[in-house]
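One structure below.
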Amino acid sequence: MATRFVIIGGGPAGNTAATYAARLGADVTLVERDILGGAAHLWDCIPSKTMIATGGAMSFADRISGMGLSHLDAHLEVDLQRRRIREIEERLRDHVTELLVSQDVRLLHGTARLKGPHQIVVDTAGGIEEIDADAILISTGTRPRIPSWCEPDGDRILTTRQAYPPSTMPEHLVVIGSGVTGVEFVHMFSSFGSKVTLIVSRQQVLPAKDAEVAAALEDELLRRGVRLFKGARAEMIERTETGVAVACDDGRVALGTHALLAIGSIPNSDGMGLEETGVVTSGGYVEINQHCQSSVAHIYAAGDVSGKLPLSSVASMQGRKIAEHVMGIHTRDHRHIDYEKAASAIFTEPEIADVGLAEADAFATGRKIRVTKVPYAATAKALINDDTGGFVKIISDPATGVVLGGSIVGRHAAELISVIALAVTANLKVSDIVESCLVHPTLSEALADAAE
Ligand SMILES: Cc1cc2nc3c(=O)[nH]c(=O)nc-3n(C[C@H](O)[C@H](O)[C@H](O)COP(=O)(O)OP(=O)(O)OC[C@H]3O[C@@H](n4cnc5c(N)ncnc54)[C@H](O)[C@@H]3O)c2cc1C
């Protein structure tokens, strides 16, 4: 009998695991309470990047005079923007559904929880269904964290899920939280012409990032007129006659027309019957080993609920590895996921991307590294684009030349980082990049120069 594999949650982790496991011969049931594609498509990656792409077109329209064009007067059509987001999500959903159906995955719409180590109960529109499983995947994702001192109303006080775009475009948005999500929303709304105040609890936006990279973003935010409340923690939000007042712990109050919470997320693991089944969690995140197995060997967890890097790309990779582990088959050379080598990006202006070892981490551990940096301005393409801000930084081992990591700040950073990511994963040397004959004129020439 085929392995019965039940997956709870149809985001990137769940639908990738389902497709691969079915391809490898498993009898797969995928339970999703909302839409296939998950929060990634409905609330997170896709709507945010769609809005950012529109904002990017608007800010481009603002600075085209440098390219010998006259001024364009672009403004946002809220309804058209909403429709565009919905259409993109629907096309992606159709694609995911077709893929799953073509692999004979059984799709079940409902809310699932564990009843025992091998039983899942699903609450569907047609009633309760019980399913037996040989292996189970928990890929239920997370939801925005809402602190006790504030109640989002979807009108003036928003979670990220209520901002695509809100019914009235904010004249002045106060963003609480300066991590990746916070700065992407600052960038998005400032591109649309909103005034923005950003509450930054530390002294640097993107506190987890390389200081030089964070400084490049701060410079651009200040150039756009974003007000930074550094070293301040929001502790209360009140509605006022004209909007909102956000009170901070240092006594400052940020006034705006709207407030947006971007202070992290909490795992969707409550009420799932995990602890009762012996699955160990920490802060609600399922603890996993290098195979993504929980403390109960045949119950796996992947994606944001596993508490590893909260990235769609990582969730999908976990899903693929889990499918192979469940079926005891490796479709290609097997490596455990090295979370340290996952590339990530921040879709701001300038765009920011990095992978592997960070300069600051090497210094902190006393590891000897070689750092080479080339500004975009040194490439013909940046001049042609009339966009010379940015740089490529490559970190390598001085003894062997092996590429250990890198950061890119500037246009198309998220695409260009792929070259360094490949080098880091495949243990390539800087000389391998130098020896590649790249296209001219392109920004990737800065990569070859930084590898010299
Ligand atoms: C604003 C924002 C922007 C982001 N942008 C990016 C980006 O550009 N790039 C990137 O790589 N990452 C991005 N992320 C992170 C990315 O969205 C997550 O890492 C990704 O969604 C995780 O996928 P997942 O498979 O864990 O689950 P999710 O996508 O969260 O999906 C989980 C699914 O499980 C379902 N579910 C939950 N409980 C149950 C249950 N009991 N029964 C049935 N179904 C259930 C939910 O309905 C949901 O559909 C962003 C995050 C945010 C907040």
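The values are calculated or read from the model by the stated rules, or taken from the named source; none is laboratory data. On a predicted model such as this, the values are computed, not experimentally measured, just so you know. Neighbour counts are summed over all protein chains in view; Cβ atoms, including those assigned to glycine, are modelled from backbone coordinates with ideal geometry.
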Single residue of the range 294-319 satisfying the filter (over 15 Å from the mean Cα position of the chain (by Cα) and surrounded by fewer than 19 Cβ atoms within 10 Å (Cβ to Cβ)) that is farthest from the ligand (Cβ to nearest atom): Ala297
Test set (1) touching a residue at least 24 places away in the same chain (Cβ under 8 Å); (2) on the phi < 0 side of the Ramachandran plot - Cys437 fails condition number: (1)
Residue within the range 379-396 that is surrounded by 24 or more Cβ atoms within 10 Å (Cβ to Cβ), under 14 Å from Val213 (Cβ atoms), free of Cβ contacts under 8 Å to residues at least 40 places away in the same chain and not assigned by TED's automatic domain parsing to the domain that holds Ala315 present: yes
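At least 2 residues that are touching a residue at least 40 places away in the same chain (Cβ under 8 Å) and more than 28 Å from Phe189 (Cβ to Cβ) in each: list the strands (runs of 3 or more DSSP E) lying fully within the range 251-320 that qualify. Give the derivation first.
Details: elements: 253-256, 258-261, 265-267, 299-301.
Hits in the range 251-320: 299-301.
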Enumeration of residues in the range 258-293 that are in contact with a Gly (Cβ under 6 Å, 6 or more places away or on another chain) and buried (at least 19 other Cβ atoms within 10 Å of the Cβ): Ala262, Ile263, Pro267, Asn268, Ser269
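Which one of these is within 15 Å of Asn15 (Cα to Cα), touching a Phe, Trp or Tyr at 6+ places or on another chain (Cβ under 6 Å), crowded, with 18+ Cβ neighbours inside 10 Å and not charged (D, E, K, R): Leu108, Leu137, Leu42, Leu100? First the steps, then the outcome.
Details: Leu108 fails: touching a Phe, Trp or Tyr at 6+ places or on another chain (Cβ under 6 Å); Leu42 fails: touching a Phe, Trp or Tyr at 6+ places or on another chain (Cβ under 6 Å); Leu100 fails: touching a Phe, Trp or Tyr at 6+ places or on another chain (Cβ under 6 Å).
That would be Leu137, the only listed residue that is within 15 Å of Asn15 (Cα to Cα), touching a Phe, Trp or Tyr at 6+ places or on another chain (Cβ under 6 Å), crowded, with 18+ Cβ neighbours inside 10 Å and not charged (D, E, K, R).
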Tally, over the range 149-199, of residues that are more than 15 Å from the ligand (Cβ to nearest atom), outside any strand (DSSP E or B) and touching a Phe, Trp or Tyr at 6+ places or on another chain (Cβ under 9 Å): 2
Residue in the range 241-249 that is in contact with a strand residue (DSSP E or B) (Cβ under 6 Å, 6 or more places away or on another chain), modelled with pLDDT under 95 and closer than 25 Å to Asp44 by Cα present: no
Wholly enclosed strands (runs of 3 or more DSSP E) of the range 329-377 bearing at least 3 residues more than 16 Å from the ligand (Cβ to nearest atom) and at pLDDT 95 or above: 370-375
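From the list Ile136, Ile146, pick out the single residue that is modelled with pLDDT of 95 or more and in a strand (DSSP E or B). Steps first, answer last, please.
On the way: Ile146 fails: in a strand (DSSP E or B).
When all the criteria are applied, what remains is Ile136.
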Filter result (under 25 Å from Phe192 (Cα atoms) and crowded, with 20+ Cβ neighbours inside 10 Å) within the range 219-242: Leu221, Val226, Phe229, Ala234, Ile237
